[in-house]
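This report refers to the structure that appears directly beneath it.
The values are calculated or read from the model by the stated rules, or taken from the named source; none is laboratory data. The model shown is predicted, which means the values in this text are computed figures rather than measured ones. Cβ sites come from the backbone with ideal geometry, for glycine too, and all protein chains shown count toward neighbours. Calculation scope for accessible area: heavy atoms of the full protein, side chains included, ligands and nucleic acids excluded. Shrake-Rupley method; radii C 1.70, N 1.55, O 1.52, S 1.80 Å.
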Amino acid sequence: MTLSLDKAFGVSAAALKLRSERHQVLSQNLANADTPDYKARDFDFKSALRAAAGDGKGGGLQLQRTDARHIPAGGSATGPGGAQLQYRVPFNPALDGNTVETQVEQAKFAENAVNYQASLNFLGNRITGLIGAIRGE
Amino acid sequence: MSIFKVFDTAGSAMNAQSLRLNMTASNLANAETVAGTPEQAYRARNPVFAAALEQAAAGQPGGGHGGVQMRGIIESQATPQALHMPDHPEADENGYVYRSNVNTVEEMVNMMSASRSYQNNVEVMSTSRDLLLQTLRLGQQ
């Protein structure tokens, strides 16, 4: 029996990576809360995780690109790890063109931090289980 | 690891907000200063923020964190208030001195907004630090 560490850690490793990317995107929103014309961005965690886990069902339809100069479908910018970044629709748009709503971003940021810790705990438990199996305890 | 970049992002925002707070302080300190001519009167100063674009500046040192950068400083174009004070040593031939065009209420609002944003970024930094430390302890009992 061969043991693949990637398989052993399951989806938690990919989730942790995506959570840290989302953490960065949300922190950029909070940093630019007072920047004129800045548009708040975020990505859909569910579809990004499906695409990262590679089950082929998620992520929506993809256009096939046969040349490097082709513009990717969707047209939105990609995040630090390749997740499709989308612009947030503000509840109360500001006059200076800024769409960051601090309370919304803070809520998402806190939610994401808790989910990051959850993924960390899952990974930690996996590692503890693996170590237990290796030691034969 | 993208959480490391958060320190640059939040740090740049804290830099920008502390500069804004600094300018508010100097505007408020000079709110009551007078000068002999409208040109010499103190004018309120405000920083202009711009987003430091991640993709565009990725190749440059110091850029590419997606934080805040300073684009410049603008001076308020409001006309300084003329006060009739003939006994003032700075008064012109008509007896007028010119008060700075600082709007105290605006500056107080700016001060509160800057300090709240600064606090937000401090929170972002401390959360990121906690998450990173927990990640470092991953796999240790």
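Things to note:
- Selection of first residues in segment B:108-124 that are closer than 18 Å to B:N30 by Cβ and of second residues that are among the basic types (K, R) and assigned to a helix (DSSP H, G or I), restricted to Cβ pairs under 7 Å at least 6 apart or on distinct chains, gives the following pairs, ordered by first then second residue: B:N110/B:R20; B:A114/B:R20.
- Residue match in segment A:5-12 (condition: at negative phi and either under 12 Å from the mean Cα position of the chain (by Cα) or modelled with pLDDT of 90 or more (or both)): no
- Candidates in segment A:94-114 are the residues that are open to solvent by 30 Å² or more (accessible area, probe 1.4 Å) and facing chain B (nearest Cβ under 9 Å); of these, the one that is farthest from A:L16 (Cα to Cα) is A:T102.
Here is a yes/no grid of residues against (1) over 16 Å from B:A13 (Cα atoms); (2) basic (K, R); (3) in contact with a helix residue (DSSP H, G or I) (Cβ under 8 Å, 6 or more places away or on another chain); (4) open to solvent by 20 Å² or more (accessible area, probe 1.4 Å):
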| position | (1), (2), (3), (4) |
| --- | --- |
| A:K7 | yes, yes, no, yes |
| A:A15 | yes, no, yes, no |
| A:Q24 | no, no, yes, no |
| A:N32 | no, no, yes, no |
| A:R41 | yes, yes, yes, yes |
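- Exactly one residue out of B:S76, B:S100 is under 30 Å from A:N32 (Cα atoms), touching a residue at least 12 places away in the same chain (Cβ under 8 Å), away from chain A (no Cβ under 14 Å) and of a type in the set (S, T, Y), and it is B:S76.
- Which listed residue is in contact with a Ser or Thr (Cβ under 6 Å, 6 or more places away or on another chain), at pLDDT 90 or above and surrounded by 13 or more Cβ atoms within 10 Å (Cβ to Cβ), from B:A51, B:A41: B:A41
- Among the candidates A:G59, A:G82, residue that is farther than 23 Å from B:A50 by Cβ, away from every other protein chain (no Cβ under 12 Å), open to solvent by less than 60 Å² (accessible area, probe 1.4 Å) and modelled with pLDDT under 90: A:G59
- Residues located in segment A:115-137, provided they are at the interface with another protein chain (Cβ under 10 Å from one of its Cβ atoms) and open to solvent by 20 Å² or more (accessible area, probe 1.4 Å): A:Q117, A:N121, A:R126, A:I127, A:T128, A:L130, A:I131
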